[in-house]
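I have placed the structure first, in the form of structure tokens, so that the comments after it can refer back to it.
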Amino acid sequence: MRLLHSLTSPFARKVRVTLLEKGLACEPVVLLAGDASVSAVNPLGKVPALLRADGTALYDSPVIVQYLAVLVPTPSLFPADPLARIEVLRLEALCDGICDAAVLRMIEGRRDPARQDPNAGAHQAAKITRGLAVLQAELGDRAYAVGDTYTLADTCVAMAIGYIDLRAPELLAPFPALVERYAAMLARPSLAATVPPR
């Protein structure tokens with residue numbers, strides 16, 4: 001397998017952490033900003049994209065993670081209880097949404113100032129802030145996001161907090177519990193090995 005990704009993509013980080021948690025070997029293909037070669041694999045031109053041995057590609061990160069869970073069932077990153085699994089997927093959707101908003105905010109901020117929408121950045125920042133507020137309130141001081149063991153939800157929480165720390169650290173200021181949680185989570189080897197470069 002080959003993983004086309006960027007080192008700063010939060011969605012690619014989710015897949016990279018899952019590969020490490022599963023102990024799966026995968027050839028990394030790191031793409032730089034503006035590299036259009038991913039479009040040959042993913043018609044949407046987005047990372048991550050996973051090329052399987054038979055030459056077929058999987059995308060986007062939720063699909064890739066589900067595939068890896070089928071490929072190597074243990075350790076499981078999903079609870080056995082169906083309702084608890086739905087809770088993991090709900091937190092994945094929330095964290096993905098936080099990261100989507102951060103990406104859109106970053107892209108808008110990189111546009112020519114004369115062409116920027118003055119409301120777009122604030123709109124995306126509000127989404128991020130609401131999402132982080134829900135995370136902080138729901139997670140409280142629990143050791144794990146769902147249940148009593150590490151799941152994909154924990155990966156996604158780390159992915160979201162880590163990406164906001166990279167792209168908009170000022171938005172984390174009202175959420176000290178999330179900052180502390182993330183710092184503690186970095187003791188986990190898979191999360192420490194995938195911290196995005198600044």
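Structure notes:
- Filtered residues of the stretch 111-129 (kept if part of a helix (DSSP H, G or I) and either in contact with a Leu (Cβ under 7 Å, 6 or more places away or on another chain) or at pLDDT 90 or above (or both)): ARG115, ALA120, GLY121, ALA122, HIS123, GLN124, ALA125, ALA126, LYS127, ILE128, THR129
- Candidates ARG198, ARG181: the one that is open to solvent by 60 Å² or more (accessible area, probe 1.4 Å) and either at negative phi or not aromatic (Phe, Trp, Tyr) (or both) is ARG198.
- Test: residue in the stretch 106-126 that is in contact (Cβ under 8 Å) with a residue 60 or more places away in the chain and open to solvent by less than 70 Å² (accessible area, probe 1.4 Å): yes
- Residues that are within 17 Å of the chain's Cα centre (by Cα) and free of Cβ contacts under 8 Å to residues at least 40 places away in the same chain, drawn from the stretch 131-144: GLY131, TYR144
- Applying the set (1) part of a loop (DSSP other than H, G, I, E, B); (2) on the phi < 0 side of the Ramachandran plot; (3) in contact (Cβ under 8 Å) with a residue 40 or more places away in the chain to GLY147 leaves exactly one unmet item: (2).
- Check on VAL63, in a helix (DSSP H, G or I) and touching a helix residue (DSSP H, G or I) at 6+ places or on another chain (Cβ under 8 Å): no
- Test: residue in the stretch 145-158 that is surrounded by fewer than 13 Cβ atoms within 10 Å (Cβ to Cβ), charged (D, E, K, R) and at pLDDT below 95: no
- Considering the stretch 9-46, and only residues there that are farther than 27 Å from THR74 by Cβ and in contact with a Phe, Trp or Tyr (Cβ under 8 Å, 6 or more places away or on another chain), the residue that is most open to solvent (accessible area, probe 1.4 Å) turns out to be LEU44.
- Condition broken by LEU50, with the remaining ones in (1) under 19 Å from GLU92 (Cβ atoms); (2) surrounded by fewer than 17 Cβ atoms within 10 Å (Cβ to Cβ); (3) touching a strand residue (DSSP E or B) at 6+ places or on another chain (Cβ under 8 Å) satisfied: (2)
- Search result, residues across the stretch 172-198 that are assigned to a helix (DSSP H, G or I) and free of Cβ contacts under 8 Å to residues at least 60 places away in the same chain: LEU172, PRO176, ALA177, LEU178, VAL179, GLU180, ARG181, TYR182, ALA183, ALA184, MET185, ALA192
- Checking each residue in the stretch 66-88 for being in a helix (DSSP H, G or I) and either of a type in the set (A, V, I, L, M) or in contact with a Pro (Cβ under 6 Å, 6 or more places away or on another chain) (or both) picks out LEU68, ALA69, VAL70, LEU71, LEU83, ALA84, ARG85, ILE86, VAL88.
- Any hit, the stretch 55-62, residues being among the polar types (S, T, N, Q) and more than 19 Å from the chain's Cα centre (by Cα): yes
The values are calculated or read from the model by the stated rules, or taken from the named source; none is laboratory data. Treat the numbers as computed from the prediction; the structure is a model and nothing was measured. Cβ coordinates were reconstructed from backbone atoms using ideal geometry, including for glycine residues, and neighbour counts include every protein chain displayed. Surface areas here come from the heavy atoms of the whole protein model, side chains and all, with no ligands, DNA or RNA. Shrake-Rupley method; radii C 1.70, N 1.55, O 1.52, S 1.80 Å.
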